[in-house]
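Readers should treat all values here as calculations from the given coordinates under stated rules, not as data from a laboratory. Fair warning: this is a prediction, and the values are worked out from it, not measured in the lab. Cβ placement follows ideal geometry from the backbone for every residue including glycine, while neighbour counts extend to all protein chains displayed.
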Amino acid sequence: DEIQNVTFDFNIKQMGNIIGIESIKVGDLSFNDCLKIRYHTKTTVLCEPEDIYENLNPHGETFTTVWLEPNIGIVKIHQQRSGLLLDVVPTNNDDDIELPDKPEDLIIELEDYRLTPIN
């Protein structure tokens, strides 16, 4: 059997909104003046040849919240993701390919930091 080439054309749109200033606690660290920004990312995919995926119109959304502390930078990221690429994979898995689970929320937090004077 010949393997057919498939092309995926991704369109990604992102919009960010400043939510405000917020105090947060990350582990043992407290931050009082974090700028809170929420990003909404939408992804759409066109597949070619269309006859293979004619009933498939995969899309994905990601919501990412970032907390920025003045003079330090990013102290926390919380991301809610969909499994866009996993949604594109055909469900007839004749090759016994093991697919990963859909992604869970991603949370990244600053564990430690050190401020040093600039000379």
Nitroxide proxy distance, nm - points 7 Å out along Cα→Cβ at Asn32 and Ser82: 4.2
FRET E, pair Lys42, Asn5, Förster distance 22 Å, beta-carbon r, rounded to 0.05: 0.25
